[in-house]
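Take a look at the following structure, please.
FYI, it's all coordinate maths here, none of it is from the lab. Keep in mind the model is a prediction, meaning the values are calculated, not measured. FYI the Cβ positions are ideal-geometry reconstructions off the backbone, even for glycines, and counts take in every protein chain you see.
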Amino acid sequence: MTPVRRIAVVIPARDEERTLDACLSSVEAAADRVGVPVDVVLVLDACTDRSAEIADRHPQVRTASVAFSNVGRSRAHGVELALAASAADGLWLAFTDADSTVPRNWLAEHLRAAARADAYIGAVVPVLDDLDPVRRTVWLDSHPPGATLGHVHGANLGMRASAYRAAGGVAPLDTAEDVDLAERLRRSGAVVLSSEREPVITSARLAGRAPRGYAGYLDALAVEAG
C-alpha cells in the first residue's frame, strides 16, 4: 500500500451551530495525534444559523459556503476542494459529520487501516444518554460487539483519494450517499476494512437533516420496542 502522506478531513454541515464547535475541536485534537499533515475542509450548505461564525473560531479549518441543500453534493465539493489543494497520490480522505465528535485516536485508526486497505468503514454510536429509556434499551440490546461492523456512516468513513476517484466519487444524493459510495468502492475492487475501534459519537436527535438518515433509524427504535 502507498504510504499516506497527508489527510483531508471533509465535513458537510447544515445548521449545526449546537454541535459544530465540539466537532471541529475533536477533529483538531485527532489531527494532533498523527504524524502527517491534516487539512480540514468544512462545507457549510445553505446554513441560516451561526455555523459560519462558529467556524471562524477555528482558523485552521478551510470553510466553503454553498447552497446545495444536498449532503452528497456538499461532501463531493469538500473533496474537490481538498484535491485542489493537495496531490491525490498519498492523500487519505476522512469523512465525518458536523453533529458528531471523533475520538482522539480517530485519525490514527484511519492510518492503521490505510496500511492494509484502500477504504475504511468505521463505527458510529449515538449519544446514548440523550436517548429516551425505551430507545436506549433497544439500541443496547441490538448492538452487542460486532453489530456495527460493515454498517456505513458518513460520520466515520475513509479512503484513499485514488480509490475515491476510481469509484466515481460521492453521488449527488440527499441521503445514503455514504452507503452508495461504499458499494461502488467495493465494486471497483478497493480493499475495504471495517472496524469498531475508535467509534465516532453522533447526535441522538430523532429529526435529522437527511431524509431517511440516522435520525430516522433512531426514531424507529421505539417501533421495534413494540
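Could you please give the count of residues in the range 65-85 that are buried (at least 17 other Cβ atoms within 10 Å of the Cβ), under 28 Å from Arg112 (Cβ atoms) and of a type in the set (D, E, K, R)?
Going through the range 65-85 one residue at a time, the tally reaches 1.
Oh, and also: Out of everything in the range 32-64 that is touching a residue at least 24 places away in the same chain (Cβ under 8 Å) and small (Gly, Ala, Ser), what residue ends up being surrounded by the fewest Cβ atoms within 10 Å (Cβ to Cβ)?
Filtering the range 32-64 for residues that are touching a residue at least 24 places away in the same chain (Cβ under 8 Å) and small (Gly, Ala, Ser), the one surrounded by the fewest Cβ atoms within 10 Å (Cβ to Cβ) comes out as Ala46.
If the requirement is being out of contact with any strand residue (DSSP E or B) (no Cβ under 8 Å at 6 or more places or on another chain), without any contact (Cβ under 8 Å) to a residue 40 or more places away in the chain and among the small types (Gly, Ala, Ser), which of these qualifies: Ala67, Ala84?
It is Ala84.
So which residues in the range 181-192 are buried (at least 17 other Cβ atoms within 10 Å of the Cβ) and in contact (Cβ under 8 Å) with a residue 40 or more places away in the chain?
Ala182, Leu185, Ala190, Val192, listed by residue number.
Continuing with this model, one more query. If we keep just the residues of the range 134-169 that are more than 17 Å from Leu111 (Cα to Cα) and basic (Lys, Arg), which is surrounded by the fewest Cβ atoms within 10 Å (Cβ to Cβ)?
Arg165
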